[in-house]
Every structure is written in structure tokens, then in C-alpha cells.
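Reading through the C-alpha cells given below for one structure.
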């Protein structure tokens, strides 16, 4: 199986889309409100947490399903999934949100 065909699977592209949505949410929040500390988490923070946490079972399912079948291609997709999540988390860490 080629990497292109593997990307057509929802378990391959969905975690990347979710990470990008979380990244856009952080950028939107900072652009709208600035980098502020809040006493209570707002809906944006909870949505961010849900988007990031919901990726874990999807990535685990993808790894369980595809690493045995196509290890090289699956490893490439997994590296993109993890990189997208880490980029989003790094932005939040650097902004100290």
C-alpha cells in the first residue's frame, strides 16, 4: 500500500486535522483576546483539550491496524500525526497558556 492510499483512511488524516483545528483555535484565541491568564478555563481551552485528547485513541487504532500491515508507510503517517500534535502543544507551552 502506498502512503497516498494510507492517507485516505480516516484514522490517518483525522488526528492531523484535529491538531490543525486545535492550532487554529489557539491562534484565534491569542489574536482575539491576547495571551491572558484566566481564573477559570473557558470554552476554547476545553475544546482544545477535547481535540487533543480525542486524538490518542485514533492514533492508537491507526498504529495497531497499520503498523503490522505496512510498517514503513504507517511510520511516516504516525510521524506526521505526532509532529502535528507536538507543534500545537509547543505553541501552547511557549505562550504559557
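Taken together, the values in this text are just the output of simple stated rules run on the coordinates, not laboratory data. The shown structure was predicted, so the numbers you read here are calculated from the model rather than taken from an experiment. Cβ sites come from the backbone with ideal geometry, for glycine too, and all protein chains shown count toward neighbours.
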Counted neighbours (other Cβ, 10 Å), sorted fewest up, put 33, 62 in the order 33, 62
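Quick check on packing: order 83-89, 34-40, 15-21, 1-7 by the mean number of other C-beta atoms within 10 Å, highest mean leading.
Highest mean packing first, the order is 15-21, 83-89, 1-7, 34-40.
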Computed lengthening from residue 72 to residue 1, 0.36 nm per intervening residue step minus Cα-Cα distance: 24.6 nm
Given (1) 1.07; (2) 0.95; (3) 1.13, the label whose value is Rg/Rh (Cα atoms, Kirkwood Rh) derived from this model: (1)
Over the chain, what relative contact order in percent results from Cα pairs under 8 Å that are six or more residues apart? 48
